[in-house]
Amino acid sequence: MPFREKLPNQMFYLGLVTLEDVLGNNGLKSILNYSGFSHFIDNPPPNNLEKEHTSDDFIRMITGIVNVLGEKGARMILFQAGIRSFEIMLDKFPALFNIEGIEPKERNPERMFEEFKRIYQIIVDALVGMYGDIYKFYECDEGVALEIAPCLWCQGLKTEGPICMTPAGFEFAAAKWILGQEIKVEETHCIAKGDDMCRMVMHRPEV
């Protein structure tokens, strides 16, 4: 399996801060208790780049969210968590995704999506460095697509619909920051519902 064996503490720190922001303290505690991470209650992982927690820990956390909230509830919460994780990352530690000091350039409307692709490719390269060679970013008819296979966000899950809403929310927030406007982001394929990949499509905005 091409997942990195261990992930930066900062990823887990970001995840817990985001979940508390979206679910509240009691909601976060419920997820941590269910997932076997009660030791993180009021004692989150350090906010550094040391690698002390595994990909399996990450998968267990996501599985806990879906099992506690149910598929429908988890889908909404995970999308909001994706948005907030990008916002917090951009404000607190953009270096984690190699975008420290990067600002979207002044551009005319016809070039805005090219700027989005340029900056998001930098983010994807950072994701590959953290998680492993599980990402593929490319142009498609609708705009651009991100494929993930295998997928940390739904590993081991069986759902009726797509469930990888955290990366979808992350892409939604990234596009809004880069483009200055919202775009449509949809997960068209998901391993949890039987597809052979997870695929997020980011639609080109109308000019």
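The values are calculated or read from the model by the stated rules, or taken from the named source; none is laboratory data. Everything quoted here is computed from the prediction, not taken from an experiment. In this analysis, Cβ positions are derived from the backbone assuming ideal geometry, glycine residues included, and neighbour counts consider all displayed protein chains.
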Inset, instruction - Considering only residues that are charged (D, E, K, R) and part of a loop (DSSP other than H, G, I, E, B), look in region 177-196 and name the one that is surrounded by the most Cβ atoms within 10 Å (Cβ to Cβ). - result: Asp195
Inset, instruction - State which residue is modelled with the lowest pLDDT when the search covers only region 33-67 and only residues that are within 21 Å of Gly132 (Cβ to Cβ) and among the aliphatic types (A, V, I, L, M). - result: Leu49
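Name the single residue that is surrounded by the fewest Cβ atoms within 10 Å (Cβ to Cβ) among those in region 133-159 being among the acidic types (Asp, Glu) and either within 20 Å of Glu115 (Cα to Cα) or at pLDDT 95 or above (or both). Before the answer, list the steps.
So the first thing to find is which residues in region 133-159 are among the acidic types (Asp, Glu), and the list is 133, 139, 141-142, 147.
If we keep only those that are either within 20 Å of Glu115 (Cα to Cα) or at pLDDT 95 or above (or both) as well, we get 139, 141-142, 147.
Numbers: Glu139: 11, Asp141: 8, Glu142: 13, Glu147: 16.
Looking at residues that are among the acidic types (Asp, Glu) and either within 20 Å of Glu115 (Cα to Cα) or at pLDDT 95 or above (or both), I get Asp141.
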Inset, instruction - Being within 23 Å of Phe12 (Cβ to Cβ), without any contact (Cβ under 8 Å) to a residue 60 or more places away in the chain and in contact with a Ser or Thr (Cβ under 9 Å, 6 or more places away or on another chain) narrows it down to one of Ala81, Ala192, Ala145, Ala95, so name that one. - result: Ala192
Legend entry - Any hit, region 169-186, residues being touching a Ser or Thr at 6+ places or on another chain (Cβ under 9 Å), modelled with pLDDT of 90 or more and small (Gly, Ala, Ser): yes
Legend entry - Residues that are farther than 24 Å from Phe3 by Cα and either part of a helix (DSSP H, G or I) or of a type in the set (Phe, Trp, Tyr) (or both), drawn from region 88-115: Ile88, Leu90, Asp91, Lys92, Pro109, Glu110, Arg111, Met112, Phe113, Glu114, Glu115
Legend entry - Qualifying position, being among the basic types (Lys, Arg) and part of a helix (DSSP H, G or I), among Arg118, Arg199: Arg118
Legend entry - Conditions (1) free of Cβ contacts under 8 Å to residues at least 40 places away in the same chain; (2) farther than 23 Å from Val22 by Cα: number failed by Glu186: (2)
Inset, instruction - Assess whether Gly161 counts as being on the phi > 0 side of the Ramachandran plot, touching a residue at least 24 places away in the same chain (Cβ under 8 Å) and in a loop (DSSP other than H, G, I, E, B). - result: no
Inset, instruction - Those residues that are buried (at least 17 other Cβ atoms within 10 Å of the Cβ), under 16 Å from the mean Cα position of the chain (by Cα) and not aromatic (Phe, Trp, Tyr), I need them from region 65-79; list them, please. - result: Ile65, Val66, Ala74, Arg75, Ile77, Leu78
